[in-house]
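The values are calculated or read from the model by the stated rules, or taken from the named source; none is laboratory data. Keep in mind that this is a model prediction, so the values were computed, not measured. Cβ: placed from backbone, ideal geometry, glycine included. Neighbour counts: every protein chain shown.
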Amino acid sequence: PLVSMNAFLPRAKKEGFAVGQFNINNLEFVQAIIEAGKEERSPLIFGASEGAIRYMGLKNVVALSKVAAEEADVPVALHLDHGSSFEVVMQCIQAGFSSVMFDGSHYPLEENIRLTKKVVEAAHSVGVSVEGELGTIGGVEDDLDVKDEDASLAKPEEALRFWKETNVDALAIAVGTAHGLYKGEPKIHYDIIEEVAGLIEAPIVLHGGSGVPDEAIRIAVSKGVAKINVNTENQVAMGKVVRELLDKNPDMIDPRKYLGPAREAIKETVKGKMRLFGSSGKA
Ligand code: G3H
Ligand code: ZN
């Protein structure tokens, strides 16, 4: 069955590793990610954005994730990524999600706290874990589009207040990474990660995990990041294989012939992240 993130994130923070949230975009993503988890003996989080839910259908997202979790003997959470309202969060919980993110980062702090707290109260009453967000993460992902000049770092004292007042199970803080493809190398503020990790009990989440150099990820995890979100790198892996195969083989008409190898490429990418994050062997 699908489990709450509390089944593995507190342990990850304590033992100094991070669990990956791998976003799902279609059936092949679900299959690739669960196979990677099985082979690496790693807990994992399926991330479903509102855009992915619109594309796949809410019931399909839940059904595919449940089947995958049942077939694997590793802990699997199904997590709403960047939920934009109380209503969307409730729809997902009712449909069977085991975890949700409420992203109120674009609201003033008071309002973010008020709205997140309401989500936490409702979610906790049915055993669903909640991730909140503080500061503004730059870049583009589905419905979110934050210009570089509008991205702002999280403030540690606000993180402490946010965590105490909302009681979130995990907290995403803006520390310099961005969604989507980077134009250059991200400048990660490790000092903020370290300070917030020391101030609050809840595990820290790093969004925009694609394209971050391995060494930067290792340092971020050593400073207290316990969950890392990855979507773009898997999309790139899939696209590259499909593009190459179709370019080389104009007569290739069976989608299984190009989506199968693309699925394999996603699986390898996810396995690499699980090893890098230190979650391999932790299931
Ligand atoms: O919420 C999802 C992740 O933050 C995706 O980040 O675009 O770097 O893969 P990414
Ligand atoms: Zn994100």
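General observations
- Yes/no for residue 75 being surrounded by fewer than 18 Cβ atoms within 10 Å (Cβ to Cβ) and not acidic (Asp, Glu): no
- Meets criteria (modelled with pLDDT under 95 and touching a Gly at 6+ places or on another chain (Cβ under 8 Å)) for residue 227: no
- Any pair with Cβ under 7 angstrom, 6 or more apart, that starts in the range 218-239 at a residue that is under 16 Å from residue 18 (Cβ atoms) and away from ligand 2 (no atom under 16 Å from the Cβ) and ends at one that is part of a helix (DSSP H, G or I) and among the hydroxyl-bearing types (Ser, Thr, Tyr): 219/190; 223/190
- Of 280, 222, all but one fail to be more than 16 Å from ligand 1 (Cβ to nearest atom) and closer than 20 Å to residue 37 by Cβ; the exception is 280.
- Every condition in (1) crowded, with 24+ Cβ neighbours inside 10 Å; (2) over 14 Å from the mean Cα position of the chain (by Cα); (3) within 16 Å of ligand 1 (Cβ to nearest atom); (4) among the hydroxyl-bearing types (Ser, Thr, Tyr) holds for residue 42 except the one numbered (3).
- Residues satisfying the stated conditions in the range 73-102, i.e. among the small types (Gly, Ala, Ser), in contact with an Asp or Glu (Cβ under 9 Å, 6 or more places away or on another chain) and within 17 Å of residue 24 (Cα to Cα): 83, 99
- Residue within the range 149-166 that is within 12 Å of ligand 2 (Cβ to nearest atom), of a type outside the set (Phe, Trp, Tyr) and either within 22 Å of residue 52 (Cβ to Cβ) or not in a loop (DSSP other than H, G, I, E, B) (or both) present: no
Residue by residue, here is whether (1) in contact with a strand residue (DSSP E or B) (Cβ under 7 Å, 6 or more places away or on another chain); (2) of a type in the set (Lys, Arg); (3) surrounded by fewer than 24 Cβ atoms within 10 Å (Cβ to Cβ) holds:
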| site | (1), (2), (3) |
| --- | --- |
| 10 | no, no, yes |
| 13 | yes, yes, yes |
| 19 | yes, no, no |
| 25 | no, no, yes |
| 28 | no, no, yes |
| 31 | no, no, yes |
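- Residue check for residue 210: assigned to a loop (DSSP other than H, G, I, E, B), touching a residue at least 12 places away in the same chain (Cβ under 8 Å) and under 14 Å from the mean Cα position of the chain (by Cα): yes
- Contact annotation: residue pairs with Cβ atoms under 7 Å, 6 or more positions apart or on different chains, pairing a residue in the range 123-152 that is within 17 Å of residue 180 (Cβ to Cβ) and within 15 Å of ligand 1 (Cβ to nearest atom) with a partner that is in a helix (DSSP H, G or I) and modelled with pLDDT under 85, are 136/150; 138/148.
- Note on the range 1-112: enclosed strands (runs of 3 or more DSSP E) holding 1 or more residues that are out of contact with any Phe, Trp or Tyr (no Cβ under 7 Å at 6 or more places or on another chain), more than 29 Å from residue 239 (Cβ to Cβ) and among the aromatic types (Phe, Trp, Tyr) are 99-102.
- Qualifying residue in the range 185-200 (condition: within 16 Å of ligand 2 (Cβ to nearest atom) and of a type in the set (Asp, Glu)): no
- Candidates 201, 194, 215, filtered to the one that is more than 14 Å from ligand 1 (Cβ to nearest atom), part of a helix (DSSP H, G or I) and touching a residue at least 24 places away in the same chain (Cβ under 8 Å): 194
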